[in-house]
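A.B. asks: Quick one: the structure is below, questions incoming.
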Amino acid sequence: MTEPTSTTRSPLRIALLAVIGVGLLLLGGGLAVALGVGRDADPAADSVDAGFARDMSIHHLQGVEMANLVAERSEDPEVESLAFDISETQLNQAGRMQGWLALWNVPLTGGETMAWMPEGAGHGGHDMAMGTGAPMPGMATEEELAELRSLSGRAFDVEFLQLMIRHHQGGFDMATYAAEHAEERAVRDLAESIVESQGAETGTMTDMLAARGATPLPEP
């Protein structure tokens, strides 16, 4: 059974997103204070620290959006367990990064996307392909998200794993650069954690995809 692909948001969905946004800021702000971020000179809006926090939090929230589709669209317990872990982890990390931005008085949105990461800094030294309509490496386009929402069962599982592998690969490269070039220790630590976790999850998802008779999409 499929569902409409319309992306129109209901008033309830908008309200829920607003509540989630406030929760993210409170959670991230508390964690940021605990980690000591913002006690010295704050990173500038055009710094690697701020650019990574802004772009990766947006990148993560799309991952959460895709993972949250699994409970209704999949019938595979293994895929459901993976998606739950991804959603919980990336929502927590997005809240932390948005909390930092609030403490640094840096807007949560705006600015030139990926300006903090030079061209050629992606996997293997190559530019990271972002695809038509995708704002950052590995992110799904609106057309791809609409297609994912229209699927269910095994077809959904395969599409979800393919999109999430590519999503993780794009985030992996972003985090690798931030781990090497960010000035704040807390930012570098988080970036290193993302590199480790998303690298491991990419391997797991690749194996899951092979077990379902499919292969990953081209790397971003």
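A.B. asks: Taking 0.36 nm per residue of separation and subtracting the Cα-Cα distance, what length does fully extending GLU72 through GLU180 add?
C.D. replies: 35.0 nm
A.B. asks: Now for a different question. Which FRET efficiency value, to the nearest 0.05, do you get for THR109 and ARG154 by plugging their Cβ-Cβ distance into 1/(1 + (r/R0)^6) with R0 = 41 Å?
C.D. replies: It comes to 0.65.
A.B. asks: Using a/c under 1.5 as the rounded threshold, could you call the stretch 66-119 rounded, prolate or oblate? The axes a ≥ b ≥ c are square roots of the C-alpha gyration tensor eigenvalues, and prolate needs a/b larger than b/c, oblate otherwise.
C.D. replies: prolate
A.B. asks: How much accessible surface does PHE172 have with a 1.4 Å probe, in Å² rounded to 10?
C.D. replies: About 70 Å², rounded to the nearest 10.
A.B. asks: Under 16 Å from a point 7 Å along the Cα-to-Cβ line of ALA214: which residues of the stretch 63-103 have their amide N that close?
C.D. replies: 66-83
A.B. asks: Using a cut-off of 15 Å between beta-carbons, work out the net charge of the residues near PRO77 (Lys and Arg +1, Asp and Glu -1, PRO77 not included).
C.D. replies: Around PRO77, the surrounding residues sum to -4.
A.B. asks: So how long is each side of the stretch 133-204 along the principal axes, counting just the alpha-carbon atoms, biggest first, in Å?
C.D. replies: 43, 27, 14
The values are calculated or read from the model by the stated rules, or taken from the named source; none is laboratory data. None of the values given here were measured: they were computed from a predicted structure. Positions of Cβ are generated from backbone atoms using ideal geometry, with glycine treated the same way; all protein chains shown enter the neighbour counts. Note: areas computed on protein heavy atoms with side chains; ligands, DNA, RNA excluded. Shrake-Rupley method; radii C 1.70, N 1.55, O 1.52, S 1.80 Å.
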